[in-house]
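**Student:** Handing you a structure now.
The values are calculated or read from the model by the stated rules, or taken from the named source; none is laboratory data. In this text the structure is predicted, and so the values were computed from the model without any measurement. Counting neighbours? That spans all protein chains shown, and the Cβs are built from the backbone with ideal geometry, glycine included. Side chains are part of the model used for accessible areas, which takes the heavy atoms of the whole protein and leaves out ligands, DNA and RNA. Shrake-Rupley method; radii C 1.70, N 1.55, O 1.52, S 1.80 Å.
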Amino acid sequence: MPTIAIVGAGPQLGLAIARTYGTHGYDVALIARNRARLEDLAGELAAEGISAAAFPADVLDRAALTQALKDAAAHFGGIDVLEYSPVGGLQTVMTTPAATEPADVQHEMDFQLYGAIAATRAVLPAMREVGADTLLFTTGAGSVDPVPQVANVNAAAAALRNWVINLHKELDGTGVQAAHVAINVSIGTPAVPGFPTAQPEEISPVYWDLHTTRRDQAELVFSL
């Protein structure tokens, strides 16, 4: 069976993506920091008839992240889709552009861009050998249209977006797809009163579409 590895797997979007792929016959490798929560998610998916397993790792620990992806590939016989969407904003003090110090951006760069690069390096060589498969990377829509109140987070997200679109160009013709998903809604509950909100199940199908019917697309902005 094909396998999707979800880095940053959680109970909202990560779980919804797992269900979307799982209902299409994919095994699911769940990667995040908290083993207990991952095992709960794996158990929830198993109860729905979806094969899933937990591989705990912190994306800030490059060696651990790489090993988790290698372990997942060994466990399931390979990784066909990588989805990268860890959430680090709660550990970051938000800054406006004029108030931003280099250190204000560094954590988010480590979390978003550098973690994504490490995860990609762990799976891409095997994908190139197969000449297929998909790499998907998620940010907020501030990567495309930045918001002054979260300038440091947006800066790192924009760096990841730039890198992913460039990766898409590099992989053109290889059979491997790389794409960026920018989410322009709150997920589940409104982060800001009046801001558009979508449920995870409304968003997750776009990840399947990019893997199957939109393989020439480098970016998709989800909005209502």
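**Student:** I need the Debye-formula profile for region 96-224: one equal scatterer per C-alpha, no solvent, reported as log10 I(q)/I(0) at q = 0.13, 0.14, 0.20, 0.22 1/Å, two decimals.
**Tutor:** Calculated log10 I(q)/I(0) at the listed q: -0.58, -0.67, -1.18, -1.30.
**Student:** Thinking of region 22-90 as a set of Cα atoms, what percent of all their pairs are more than 16 Å apart? Intermediate values should be presented prior to the final figure.
**Tutor:** Details: 1129 of 2346 pairs.
The proportion of pairs with Cα distances above 16 Å equals 48 percent.
**Student:** Something else now. Quick one: angle between helix 35-47 and the longest Cα principal axis of the chain, in degrees between 0 and 90, rounded to 10, please.
**Tutor:** 50 degrees
**Student:** Moving to a separate point now. How large is the convex hull of the Cα atoms of region 54-103 per residue, expressed in Å³ as a whole number?
**Tutor:** Working: hull volume 5.3 nm³, N = 50.
For region 54-103, the hull spanned by Cα atoms encloses 106 Å³ per residue.
**Student:** Quick one: helix 115-130 against the long Cα principal axis of the chain, what's the angle to the nearest 10°, folded into 0 to 90?
**Tutor:** In the chain, helix 115-130 runs at an angle near 30 degrees to the longest axis.
**Student:** Something else: Go ahead and collect, in residue order, the members of region 115-143 whose backbone nitrogen is under 14 Å from a label point 7 Å along the Cα-Cβ direction of Thr174.
**Tutor:** Only 117-136 pass the distance filter.
**Student:** Strictly greater than 18 Å: what percent of every Cα pair in region 123-191 meets that?
**Tutor:** Details: 1065 of 2346 pairs.
Above the 18 Å cut-off, region 123-191 has 45 percent of its Cα pairs.
**Student:** Cα convex hull of region 20-151: mean projected area in nm², to one decimal? Show your work: numbers first, answer last.
**Tutor:** Numbers: hull surface 36.5 nm².
Convex hull of Cα atoms, orientation-averaged projection: 9.1 nm².
**Student:** Can you send over the carbon and sulfur percentage of the accessible area for the chain, probe radius 1.4 Å, protein chains only?
**Tutor:** On the way: 5480 of 10170 Å².
Carbon and sulfur: 54 percent of the exposed surface of the chain.
**Student:** Let me ask something else. For region 149-224, count all C-alpha to C-alpha pairs, find those more than 17 Å apart, and express that count as a whole percent of the total. Intermediate results must be reported in sequence, preceding the final value.
**Tutor:** Details: 1542 of 2850 pairs.
Tail of the P(r) past 17 Å holds 54 percent of the pairs.
**Student:** Along each principal axis of its Cα atoms, how long is region 95-156 end to end? Whole angstroms, biggest number first, please.
**Tutor:** Largest first, region 95-156 extends 46, 22, 9 Å along its Cα principal axes.
**Student:** Now for a different question. With an 8 Å Cα cut-off and a minimum separation of 6 or more residues, compute the relative contact order for region 1-106 in percent.
**Tutor:** 30 percent.
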